[in-house]
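Worksheet: the structure to be examined is printed underneath.
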Amino acid sequence: MAFEPDHAKWNVIYPIYINSKKTLAEGRKICKSKAVENPTVNEIFDCCQFLKLPCHPDKCYSRDYMQRGRLRVQIKSSGMPINPDIPNRQSLLVEVAKLVPKHANRTRKQQESASASGSGPEVKKSGKGGKKKNR
């Protein structure tokens, strides 16, 4: 898919840029304390829309082919920031990393895991246990 000339100049954001599980050598761009665990393109896309920044998802990450997708985001228009709170790519990465944990999918997953962990009775194994000896 060919981009329009203006899309080609937009900033590219890969989820790995804000992934706290990755090292700087593996592609993380912000400090680990500000990063978030395993973000997805859809979460980042929703965060950029919340920040009222034009964005366009596409392609995959060249270093890690298992990580699907990247996002092209327009931060500036005619040399001026679209959102005054986000003047550059570094501040965008930090803001998105703050918003991703509040994403609806993440909060729903946390609620489901909390309700599933306390829902069923514990089943204990009967028997002697341990390794069987060969005689």
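Every number here is computed from the coordinates shown, using simple stated rules; none is lab data. Remember, predicted model here, so these are calculated numbers, not experimental data. Quick reminder, even Gly has a Cβ in these numbers, built from the backbone with ideal geometry, and neighbours come from all protein chains shown.
In summary, region 5-107 shows an alpha-carbon radius of gyration equal to 1.00 times the 2.2 N^0.38 Å reference for compact globular proteins.
Amide H to amide H, with H built 1.01 Å from N, residue 20 comes under 5 Å of 36, 37, 38, counting only residues 5 or more places away or on other chains. Put a plus charge on the Cβ of each Lys and Arg, a minus charge on the Cβ of each Asp and Glu, and nothing anywhere else: the dipole of region 5-107 about its Cα centre is then about 240 debye. Derived from the Cα gyration tensor, the three semi-axes of the equivalent ellipsoid of region 6-57 are 21, 13, 9 Å, largest first.
Under 5 Å between amide hydrogens, built in the peptide plane, is the criterion, and for residue 76 it picks out 82 among residues at least 5 positions away or on other chains. Along region 46-53 the Karplus relation, 6.51 cos²θ - 1.76 cosθ + 1.60 evaluated at θ = phi - 60°, assigns HN-Hα couplings of 5, 5, 5, 5, 4, 7, 6, 10 Hz to successive residues, with x for each Gly and Pro. Backbone amide hydrogens, once placed in the peptide plane, bring residue 59 within less than 5 Å of 70, excluding anything fewer than 5 places away on its chain. Computed 3J(HN,Hα) for region 94-99, one whole-Hz value per residue from the Karplus formula 6.51 cos²θ - 1.76 cosθ + 1.60 where θ = phi - 60°, is 5, 5, 5, 5, 6, 7, glycine and proline marked x. As a rough footprinting exposure proxy, the listed residues 7, 103 were ranked by other beta carbons within 10 Å of their own, and the order from fewest upward is 7, 103.
With each label modelled as a point 7 angstrom along the Cα→C-beta vector, the residue 82-residue 115 pair spans 3.6 nm.
In order along region 30-42, the phi-based Karplus estimate (6.51 cos²θ - 1.76 cosθ + 1.60, θ = phi - 60°) of 3J(HN,Hα) comes to 10, 5, 4, 5, 9, 6, 10, 7, 6, x, 10, 5, 5 Hz; Gly and Pro are listed as x.
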